[in-house]
Amino acid sequence: MAPSATCARCGDHDETFLHCVRDCRFSSNIWHKIGFIGTDFFTVQNAYDWIKNSTSDNRTTLFLVGLWWVWNRNLMYLNNETWSMTRLCNNIHSSTDVIRSSFQRDGSAAPLDRLIKWNCNNHQGSILNVDGSCLGSPTHAGFGGLLRNNAGFYLSGFSGFIPNSTDILLAELTTIYHGLSKAIEMGVDDLICYYDSLLSINLIFVNTTRFHIYVVLIQDIKDMLDNRNYFLQHTLREGNQCADYLAKLGASSYVEIITHSSPPVDLLPLLRIDASGIFFTRP
Ligand SMILES: [Zn+2]
């Protein structure tokens with residue numbers, strides 16, 4: 001029970017259901033951004049009809065996930081949490097992909113190639129790709145990564161090796177750590193970090209790491225992600241080839257960490273492939 005019927009976010013209209021989840025400019029911006037732009041979508045005045053009309057085509061999942069996040073964002077507003085539009089839309093798209101793929105029937109239809117490209121979700125902020133690598137004999141653990149804008153323009157990169165370690169997990173956590181530090185140092189506001197190790201993603205997001213040997217490093221990474229529009233996303237290795245190159249460069253060097261303010265020559269063709277948006281297929 002609120003003391004006033006007026007919308008607490010815009011202060012312009014009564015806070016009806018449709019105002020909250022669709023018409024308030026905070027909500028309508030999200031709908032526009034994920035592609036619901038038809039006038040019909042915004043003119044239906046009956047909530048039942050609106051939901052029914054919007055769940056009758058192939059965008060049903062996107063609509064329902066959008067609705068969930070739009071509502072969730074109301075709650076976030078009340079808790080003073082601020083997520084950027086980019087981060088919200090990224091969450092909407094990735095939840096939609098997960099739900100769609102969970103309901104895809106296996107076997108009966110010809111398997112679709114999975115298309116992998118460097119900037120998986122057409123993220124609008126800066127992109128960080130990182131990777132770890134173990135090479136040679138005796139084995140040398142190295143890491144590397146690079147920051148680009150969303151058009152693929154190279155901003156900065158780094159590579160290095162870890163003395164006295166042959167542990168790929170340490171290499172992977174170290175590269176995430178250095179990549180995020182570099183983004184913070186460069187004043188990046190919106191960031192998605194792609195990497196291809198599911199093991200490290202689990203260690204960072206699952207809360208059972210108190211006794212893990214790398215607990216300090218994992219906590220440092222969590223601290224850097226907190227309260228920033230930074231997030232980590234798994235990518236398949238085909239989408240991560242530039243970072244893979246830098247990680248191998250790091251593993252074959254004897255430098256603990258080096259910043260590449262301009263790209264090494266051998267990285268240029270890989271950067272060009274990513275920037276041109278070429279897809280790799282994976283059956
Ligand atoms: Zn409003």
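So that you can scan it fast, the table gives a plain yes or no per residue for (1) in contact with a strand residue (DSSP E or B) (Cβ under 6 Å, 6 or more places away or on another chain); (2) loosely packed, with under 11 Cβ neighbours inside 10 Å; (3) free of Cβ contacts under 8 Å to residues at least 24 places away in the same chain; (4) within 21 Å of H123 (Cβ to Cβ):
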site	(1), (2), (3), (4)
A5	yes, yes, yes, no
C10	no, no, yes, no
V21	no, no, no, no
N53	no, no, yes, no
F63	no, no, no, no
G66	no, no, no, yes
N72	no, no, yes, yes
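Can you tell me how many residues in segment 208-254 are in contact with a Gly (Cβ under 6 Å, 6 or more places away or on another chain) and modelled with pLDDT under 85? Total satisfying the criteria: 0. Could we say that R87 is in contact with a helix residue (DSSP H, G or I) (Cβ under 8 Å, 6 or more places away or on another chain) and either surrounded by 13 or more Cβ atoms within 10 Å (Cβ to Cβ) or outside the structural domain of F231 (by TED's automatic domain parsing) (or both) here? So R87 does not fit the description; no. No other residue among K33, K52 is more than 16 Å from the ligand (Cβ to nearest atom) and farther than 28 Å from D189 by Cβ apart from K52.
Of the candidates D196, D190, the single residue that is assigned by TED's automatic domain parsing to the domain that holds S165, at pLDDT 85 or above and either closer than 23 Å to D97 by Cβ or surrounded by fewer than 13 Cβ atoms within 10 Å (Cβ to Cβ) (or both) is D190. A search for C-beta distances below 8 Å between a residue of segment 24-46 that is farther than 23 Å from G11 by Cα and any residue that is part of a loop (DSSP other than H, G, I, E, B) and of a type in the set (K, R), counting only pairs 6+ apart in sequence or on different chains, returns G35/R59; F36/R59.
For segment 224-233, does any single residue satisfy the condition of being of a type in the set (D, E, K, R) and under 23 Å from the mean Cα position of the chain (by Cα)? Looking through segment 224-233, at least one residue is of a type in the set (D, E, K, R) and under 23 Å from the mean Cα position of the chain (by Cα). Listed by position, the strands (runs of 3 or more DSSP E) contained in segment 144-262 that have at least 2 residues being touching a Pro at 6+ places or on another chain (Cβ under 7 Å) and more than 11 Å from D131 (Cα to Cα) are 154-162. Applying the criterion of being more than 17 Å from G66 (Cβ to Cβ) and not polar (S, T, N, Q) to the residues of segment 8-30, the residue that is nearest to the ligand (Cβ to nearest atom) is C10.
Y48: of a type outside the set (A, V, I, L, M, F, W, C), within 16 Å of V21 (Cα to Cα) and modelled with pLDDT under 85, yes or no? Answer is no for this residue.
For segment 163-216, filtering for residues that are of a type in the set (D, E) and over 13 Å from A141 (Cβ atoms) leaves 4. Inside segment 156-184, residues that are surrounded by fewer than 21 Cβ atoms within 10 Å (Cβ to Cβ) and without any contact (Cβ under 8 Å) to a residue 60 or more places away in the chain make up a count of 10. If I filter segment 249-257 for residues that are surrounded by fewer than 16 Cβ atoms within 10 Å (Cβ to Cβ) and within 24 Å of the chain's Cα centre (by Cα), do I get at least one hit? The answer is no, given that none of the residues of segment 249-257 is surrounded by fewer than 16 Cβ atoms within 10 Å (Cβ to Cβ) and within 24 Å of the chain's Cα centre (by Cα).
The values are calculated or read from the model by the stated rules, or taken from the named source; none is laboratory data. Bear in mind that the values here come from a model prediction, so they are computed numbers and not experimental data. Reconstructed Cβ throughout: ideal geometry from the backbone, glycine too, with neighbour counts over all protein chains shown.
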